[in-house]
Ligand SMILES: Cc1cc2nc3c(=O)[nH]c(=O)nc-3n(C[C@H](O)[C@H](O)[C@H](O)COP(=O)(O)O)c2cc1C
């Protein structure tokens, strides 16, 4: 055991709307979740070792990360990806999240769970238990399930149209919220996809409504987020004009639903390669790029391009060119350098695009790598764009 599990009071995370930055950390759920590279997979810790998760969770909380985010899925990205340890094996989000919850006191823990694959009754029950277990620090990344291979594995039709997937997502969330609201009383839910009746068993969530994330920023995805979610998760691509457009469109859509535009935050995923000197960071990044497995990168790119309208628009280029980008941090812009260099780049993205929320995607995810990010936050604080989670009540 590297360290004892945290005991004592767990602090719920209130929603606080302000202009300060928030930071999530993409949780390592496979040997190399963010780069299609066997060399990177070998350099990272053992993803199936619970101690790696405990140490990383405590590191993330100590340095000032607001939440961690477990992506998830039921089929791999392709045989080449599985061969290099990219997304294979992949730990199950709702099963491994409690380890992070038990090891920390304040960190938000977001799990991906798919709308189409599980009944709202199962989703409501898993979610309520995760929220209680964490003392009100759980968030749900509700995804539609966009992969044809997963639909096939579940025996579902894979012809469901892109925009209809978000109708399923919206109704699933509505049904789950009805189940959470039951609090021991009978409920009846009649929708297009679900008909539910009865008294669901407790426990019920600690948060009045657990924080909802969604990772689709196509017009249909944004419509769902603006009406019903709290955080949109998307890739910060190199072309910042595209990021600015997404930030603006989502704010407009949120306002059109009668909500304060700041009520919906964005978690923009940005790759990170950090080191104590700029030269060392550049060297690390060059090594990562050189180790890229192009067959696996093509597999990942094909998956994103097939399932996401946003990726089709952002990576409208020849497959190998798209794969070289998507094979690293799913096509997100990669910030490379010392803590000071990375802080400067984050401030620049914030200044140019208005983005306030970031999902840090460490290409190398050993706790010592993530620990280096701890020096970024004080610089952001001095620049007036970030406050410690503690000073704002650990709010989302
Ligand atoms: C960086 C990133 C990570 C994603 N992770 C997952 C995931 O873990 N599981 C999943 O089923 N879908 C995942 N998705 C897919 C999205 O949920 C969504 O279905 C897809 O991006 C289509 O979005 P669109 O509305 O922009 O077209 C991810 C998308 C992005 C951009």
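The values are calculated or read from the model by the stated rules, or taken from the named source; none is laboratory data. Nothing here was measured: the structure is a model prediction, and the numbers come from that model. Virtual Cβ from ideal backbone geometry, glycine too; neighbours counted across all protein chains shown.
Mind checking which residues of the stretch 13-52 are part of a helix (DSSP H, G or I) and under 30 Å from residue 298 (Cβ atoms)? Steps first, answer last, please.
Taking the stretch 13-52 first, the residues part of a helix (DSSP H, G or I) are 38-43, 50-52.
38, 39, 40, 41, 42, 43, 52, listed by residue number.
Restricting attention to the stretch 26-41, and to residues there that are within 14 Å of the chain's Cα centre (by Cα) and within 14 Å of residue 334 (Cβ to Cβ), which single residue is surrounded by the fewest Cβ atoms within 10 Å (Cβ to Cβ)? Full working, then the answer.
Residues of the stretch 26-41 within 14 Å of the chain's Cα centre (by Cα): 26-29, 33-34.
Checking which are within 14 Å of residue 334 (Cβ to Cβ) leaves us with 26, 34.
Details: 26: 25, 34: 28.
Ranking the qualifying residues of the stretch 26-41, first place goes to 26.
Among the listed residues 256, 251, 282, 306, identify the single one that is closer than 27 Å to residue 84 by Cα and more than 16 Å from the ligand (Cβ to nearest atom).
Numbers: 256 fails: closer than 27 Å to residue 84 by Cα; 251 fails: closer than 27 Å to residue 84 by Cα; 306 fails: more than 16 Å from the ligand (Cβ to nearest atom).
Being closer than 27 Å to residue 84 by Cα and more than 16 Å from the ligand (Cβ to nearest atom) holds for just one of 256, 251, 282, 306, which is 282.
Just for the stretch 57-81: of the residues that are more than 16 Å from the ligand (Cβ to nearest atom) and crowded, with 19+ Cβ neighbours inside 10 Å, which one is nearest to residue 12 (Cα to Cα)? Before the answer, list the steps.
Step one: filter the stretch 57-81 for residues more than 16 Å from the ligand (Cβ to nearest atom), giving 57-66, 79-80.
Filter again for crowded, with 19+ Cβ neighbours inside 10 Å, leaving 57-61, 64-66.
Numbers: 57: 17, 58: 17, 59: 19, 60: 17, 61: 14, 64: 16, 65: 15, 66: 12 Å.
Per the stated criteria, the residue is 66.
What tally of residues in the stretch 118-166 results from selecting those that are surrounded by fewer than 22 Cβ atoms within 10 Å (Cβ to Cβ) and either more than 9 Å from the ligand (Cβ to nearest atom) or closer than 23 Å to residue 203 by Cβ (or both)?
So the answer is 25.
Quick grid of which residues meet (1) outside any helix (DSSP H, G or I); (2) closer than 16 Å to residue 136 by Cβ:
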{"position": "57", "(1), (2)": "no, no"}
{"position": "69", "(1), (2)": "yes, no"}
{"position": "73", "(1), (2)": "yes, no"}
{"position": "80", "(1), (2)": "no, no"}
{"position": "88", "(1), (2)": "yes, no"}
{"position": "100", "(1), (2)": "no, yes"}
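Does residue 97 satisfy the condition of being within 22 Å of residue 309 (Cα to Cα) and crowded, with 21+ Cβ neighbours inside 10 Å? Full working, then the answer.
On the way: within 22 Å of residue 309 (Cα to Cα): no; crowded, with 21+ Cβ neighbours inside 10 Å: yes.
In short, no.
Considering only residues that are within 16 Å of the ligand (Cβ to nearest atom) and part of a loop (DSSP other than H, G, I, E, B), look in the stretch 102-117 and name the one that is modelled with the lowest pLDDT. Outline the logic, then answer.
From the stretch 102-117, those within 16 Å of the ligand (Cβ to nearest atom) are 109-117; that's our starting set.
Filter once more, keeping what is part of a loop (DSSP other than H, G, I, E, B): 115-117.
Working: 115: 95, 116: 92, 117: 95.
Looking at the filtered set, the residue picked out is 116.
For the stretch 175-188, give me each residue that is farther than 15 Å from residue 123 by Cα and either within 16 Å of the ligand (Cβ to nearest atom) or touching a helix residue (DSSP H, G or I) at 6+ places or on another chain (Cβ under 6 Å) (or both). Step through it out loud before you land on a result.
Quick first cut of the stretch 175-188, residues farther than 15 Å from residue 123 by Cα only: 183-188.
Of everything in the stretch 175-188, just one residue is farther than 15 Å from residue 123 by Cα and either within 16 Å of the ligand (Cβ to nearest atom) or touching a helix residue (DSSP H, G or I) at 6+ places or on another chain (Cβ under 6 Å) (or both), namely 187.
Among the listed residues 361, 385, 370, identify the single one that is more than 16 Å from the ligand (Cβ to nearest atom), modelled with pLDDT of 95 or more, crowded, with 16+ Cβ neighbours inside 10 Å and within 28 Å of residue 87 (Cα to Cα).
Values: 361 fails: more than 16 Å from the ligand (Cβ to nearest atom); 385 fails: within 28 Å of residue 87 (Cα to Cα).
Only one candidate qualifies: 370.
List the number of the failed condition for residue 223; all other conditions in (1) away from the ligand (no atom under 16 Å from the Cβ); (2) surrounded by fewer than 22 Cβ atoms within 10 Å (Cβ to Cβ); (3) at pLDDT 95 or above hold.
(1) is the only condition that residue 223 fails.
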